[in-house]
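The values are calculated or read from the model by the stated rules, or taken from the named source; none is laboratory data. Every value quoted in this text rests on a predicted model; they were computed, and no experiment measured them. Cβ placement follows ideal geometry from the backbone for every residue including glycine, while neighbour counts extend to all protein chains displayed.
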Amino acid sequence: MDGNGKQTESTVMVVDDVHASRYALGAVLRRAGHSVVPVASGGEALTELDLRLRRGTLPDVALVDVGLPDMSGFELCRRLKSSPTTAALPVVHFSAVSAGPGFRCRGLDSGGEAYLSVPAEPEEIQAVVRAAVRGARMRTGAEALARRLTLLSETIVCVQAARCMTELVRAAAEGAARLTGSPAWSSCSVRRGSCTGDCPAPAPAPRCRTPRPMRRSPG
């Protein structure tokens, strides 16, 4: 549960080579309602993330020690941020070593969202993780909205480019399939009959002709 008593339902990957530290951080996060995925190195983290990508279950945030045995936490963060499949995963660096602002700056420069000096109060750890998850979800929502608006604009262009009723209803069905990610069907009734169009699977990227005036039936 979080500070307001609500279930967070977030998954946190804790990357730390020290078992006692992994256990302590995991306990703090589980008490806050998070699921915890503990790993002991950067290589293990990359392997675990690859497996989770195949299942479509990436964690919501990675809590990464800067002093890992096989690569630094900064290098792990750079690798995650340079891959399109994990670039959106928020990374929070942490360290028990007092290194002044240098480590904090390196963490932010490598793409991390935040930096924690441990030991820290449980409330601080929980708040930083919540903020990282909240920021990532807001970005994801904004990106999804932008994609939907782009698809809607493309559909409008295709509909306007239709040269006959058959092309129009087909463009409408394909546009609806792209927007919803599921099969779609459309129809249009006119005085001399009707036209129908369907898209049994999500449509590919649109290929529209240059818009021309749509021919109308005489009478």
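Observations on the model:
- Scanning segment 20-61 for residues that are within 17 Å of Ala96 (Cα to Cα) and of a type outside the set (A, V, I, L, M), we see that the one that is surrounded by the fewest Cβ atoms within 10 Å (Cβ to Cβ) is Tyr23.
- Residue match in segment 66-75 (condition: in contact with a Ser or Thr (Cβ under 6 Å, 6 or more places away or on another chain), surrounded by fewer than 17 Cβ atoms within 10 Å (Cβ to Cβ) and farther than 23 Å from Pro119 by Cβ): yes
- Subset of segment 46-76 that is under 18 Å from the mean Cα position of the chain (by Cα) and among the aliphatic types (A, V, I, L, M) - its residue that is farthest from Gly135 (Cα to Cα): Leu51
- Residue in segment 77-88 that is of a type in the set (A, V, I, L, M, F, W, C), within 23 Å of Arg134 (Cα to Cα), assigned to a loop (DSSP other than H, G, I, E, B) and at pLDDT below 90 present: yes
- Hits in segment 149-166 (condition: without any contact (Cβ under 8 Å) to a residue 24 or more places away in the chain and crowded, with 18+ Cβ neighbours inside 10 Å): Val159
- Residue within segment 43-56 that is touching a Gly at 6+ places or on another chain (Cβ under 8 Å) and at negative phi present: no
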